[in-house]
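A short write-up of the structure that comes next.
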Ligand SMILES: [Fe+2]
Ligand SMILES: [Fe+2]
C-alpha cells in the first residue's frame, strides 16, 4: 500500500476577482504580504512544481494521493479553479485522491460559506458519509480507511490561522469511526496535533478543539494523523498531546521546503520517503527516509463487528 501525501501548494492567479468587500477584510493584508513582503517570491515556482509533482504521481503510481489543504493563497475561486486544474486534471485517469481544505481555502468568514474547495476538489471528496454533511468522510484504500476532516474555519483577524473541527463534526466523526468496517484509520486534516517537538501550537495557529478531536480519534481507533499547515515537513511518534503518530507533509511548493511524502504501509509499519524538488533538474529526488510504528488498533467494536459475530 503506497500513499503520496502533499500539502500547502498555495496556488494563486493573475486575475483574483476582487470585490469591494475584500478591501475591508483580511484579504487586503494577505495580498500585501503576498505582493510586497516576500511570500509571493517564496511561491514563485508553484505552478511548475505542481506540474512536476503530478508527473511524479504518473511515474511512481502510488495507490492513492492525499492533499491536506491550502490549495490557494487568498481563497479566491479563481485560485481554486487553477489549483484543481493543476492538481486533479493531469492525473484524472490515475490513482484516486483525498483532499481536505486548509485555512487559506476558507480565508474569510464569507469564503468559508461559499464551498469553493468542495466544488473544485469534489472528485477527491468522494467517500462514505453519515449524512448530507461533507465532513467527515471516509475512503477505503486497500485495508486502510482514510478519514477526511475539515479543521478550517473562516477567521476574522489577519493573524488568525487557527482552526477547529466543531462539536457537530466531532459528533459525526465519532459515529463514523464506530460504524466503519475494521481496518487501520488514518486521519487526514489540515491543522497539526503539535509542533515538531511535541509541544502545543500557538493559539493563533493551532486547533482550538484539539483535545476533543484527539479523544474522539483515539477512541475511534485512529492510528496516524496526516496534516500540513506548517511549511517545513516533520514527523513524530505519539506525544503528550496525541497517542498516535503524526506526519506533516510541509509545503510541496514553497522555496527550499518544496517536498512531499511517499508512505508504504506494511501491517503496522509505515516506511516513509521524503522527496524534495530540485530546481536544477525540475523534478523530485529522495532526501530523507524514516519509519513509524502505527498505533495498534483497528477501530472500536462497532456495528460491522457486531454484525459479523
Ligand atoms: Fe500553508
Ligand atoms: Fe495552513
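The values are calculated or read from the model by the stated rules, or taken from the named source; none is laboratory data. Since the model is a prediction, treat every value here as computed from it, not as a measurement. Here the Cβ positions follow ideal geometry from the backbone for every residue, glycine too, while neighbour counts run over all protein chains shown.
If residue 26 satisfies all but one of (1) surrounded by fewer than 20 Cβ atoms within 10 Å (Cβ to Cβ); (2) within 16 Å of ligand 1 (Cβ to nearest atom); (3) modelled with pLDDT under 90, what's the number of the condition it fails?
Just one mismatch for residue 26, condition (1).
Being surrounded by fewer than 22 Cβ atoms within 10 Å (Cβ to Cβ), within 25 Å of residue 267 (Cα to Cα) and either over 16 Å from the mean Cα position of the chain (by Cα) or away from ligand 1 (no atom under 14 Å from the Cβ) (or both): is that true of residue 155 here? Before the answer, list the steps.
Working: surrounded by fewer than 22 Cβ atoms within 10 Å (Cβ to Cβ): yes; within 25 Å of residue 267 (Cα to Cα): no; either over 16 Å from the mean Cα position of the chain (by Cα) or away from ligand 1 (no atom under 14 Å from the Cβ) (or both): yes.
So residue 155 fails the test.
Grab the strands (runs of 3 or more DSSP E) fully contained in the stretch 177-286, keeping just those with 1 or more residues being without any contact (Cβ under 8 Å) to a residue 12 or more places away in the chain.
Working: elements: 185-188, 222-227, 234-236, 246-248, 259-266, 269-278.
Because the criterion is at least 1 residues that are without any contact (Cβ under 8 Å) to a residue 12 or more places away in the chain, the strands (runs of 3 or more DSSP E) in the stretch 177-286 that meet it are 269-278.
How many residues are assigned to a loop (DSSP other than H, G, I, E, B) and away from ligand 2 (no atom under 16 Å from the Cβ) if we restrict to the stretch 3-37?
Residues in the stretch 3-37 being assigned to a loop (DSSP other than H, G, I, E, B) and away from ligand 2 (no atom under 16 Å from the Cβ): 9 in total.
Taking the stretch 179-193 as the search range and keeping residues that are more than 15 Å from ligand 1 (Cβ to nearest atom) and in contact with a helix residue (DSSP H, G or I) (Cβ under 9 Å, 6 or more places away or on another chain), which one is nearest to residue 295 (Cα to Cα)? Steps first, answer last, please.
So in the stretch 179-193, the residues more than 15 Å from ligand 1 (Cβ to nearest atom) come out as 179-188, 193.
Okay, now just the ones that are also in contact with a helix residue (DSSP H, G or I) (Cβ under 9 Å, 6 or more places away or on another chain), so 179-182, 185, 187, 193.
Working: 179: 19, 180: 18, 181: 17, 182: 14, 185: 10, 187: 12, 193: 15 Å.
Per the criteria, the residue is 185.
So, in the stretch 79-90, how many residues would count as being away from ligand 2 (no atom under 16 Å from the Cβ) and surrounded by 18 or more Cβ atoms within 10 Å (Cβ to Cβ)?
Initial filter on the stretch 79-90 (away from ligand 2 (no atom under 16 Å from the Cβ)): 81-82, 84-90.
Filter once more, so that each one left must be surrounded by 18 or more Cβ atoms within 10 Å (Cβ to Cβ): 82, 84, 86-88.
Going through the stretch 79-90 one residue at a time, the tally reaches 5.
Quick one: count up the residues across the stretch 97-132 that are touching a helix residue (DSSP H, G or I) at 6+ places or on another chain (Cβ under 6 Å) and assigned to a loop (DSSP other than H, G, I, E, B). Walk me through how you get there before you give the answer.
First, the residues of the stretch 97-132 that are touching a helix residue (DSSP H, G or I) at 6+ places or on another chain (Cβ under 6 Å): 97-99, 101, 105-106, 116, 120-121, 130.
Adding the requirement that they be assigned to a loop (DSSP other than H, G, I, E, B) leaves 101, 105-106, 121, 130.
So the count comes out to 5.
Considering only the stretch 87-115, how many residues are closer than 16 Å to residue 68 by Cα and away from ligand 1 (no atom under 16 Å from the Cβ)?
Residues of the stretch 87-115 closer than 16 Å to residue 68 by Cα: 87-88, 96-107.
Restricting the remaining residues to those that are away from ligand 1 (no atom under 16 Å from the Cβ) gives 88, 96-98.
Number satisfying all stated conditions: 4.
Do the conditions hold for residue 101, that is, is it surrounded by fewer than 19 Cβ atoms within 10 Å (Cβ to Cβ) and under 18 Å from the mean Cα position of the chain (by Cα)? Quick ask: steps written out before the conclusion?
On the way: surrounded by fewer than 19 Cβ atoms within 10 Å (Cβ to Cβ): no; under 18 Å from the mean Cα position of the chain (by Cα): yes.
In short, no.
Residue-by-condition table, conditions (1) surrounded by 14 or more Cβ atoms within 10 Å (Cβ to Cβ); (2) under 19 Å from residue 70 (Cβ atoms); (3) at pLDDT below 95:
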position: 227; (1), (2), (3): yes, yes, no
position: 235; (1), (2), (3): yes, yes, no
position: 246; (1), (2), (3): yes, yes, no
position: 251; (1), (2), (3): yes, yes, no
position: 273; (1), (2), (3): yes, no, no
position: 276; (1), (2), (3): yes, yes, no
position: 285; (1), (2), (3): no, no, no
position: 290; (1), (2), (3): no, no, no
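Of all residues in the stretch 91-121, which are within 15 Å of ligand 2 (Cβ to nearest atom) and within 30 Å of residue 140 (Cβ to Cβ)?
If we filter the stretch 91-121 for residues that are within 15 Å of ligand 2 (Cβ to nearest atom), which is where we start, we get 99-108, 111-112, 117.
99, 100, 101, 102, 103, 104, 105, 106, 112, 117 - these are the residues of the stretch 91-121 that are within 15 Å of ligand 2 (Cβ to nearest atom) and within 30 Å of residue 140 (Cβ to Cβ).
Pick out the one residue from 129, 119, 140 that is modelled with pLDDT of 95 or more and either under 19 Å from residue 226 (Cβ atoms) or within 15 Å of the chain's Cα centre (by Cα) (or both).
Values: 129 fails: either under 19 Å from residue 226 (Cβ atoms) or within 15 Å of the chain's Cα centre (by Cα) (or both); 119 fails: either under 19 Å from residue 226 (Cβ atoms) or within 15 Å of the chain's Cα centre (by Cα) (or both).
Sole residue among the options that is modelled with pLDDT of 95 or more and either under 19 Å from residue 226 (Cβ atoms) or within 15 Å of the chain's Cα centre (by Cα) (or both): 140.
Go through 60, 19, 82, 2 for me and flag whichever is touching a strand residue (DSSP E or B) at 6+ places or on another chain (Cβ under 9 Å), more than 16 Å from ligand 1 (Cβ to nearest atom) and under 25 Å from residue 163 (Cβ atoms).
Numbers: 60 fails: under 25 Å from residue 163 (Cβ atoms); 19 fails: touching a strand residue (DSSP E or B) at 6+ places or on another chain (Cβ under 9 Å); 2 fails: under 25 Å from residue 163 (Cβ atoms).
After applying the criteria, what remains is 82.
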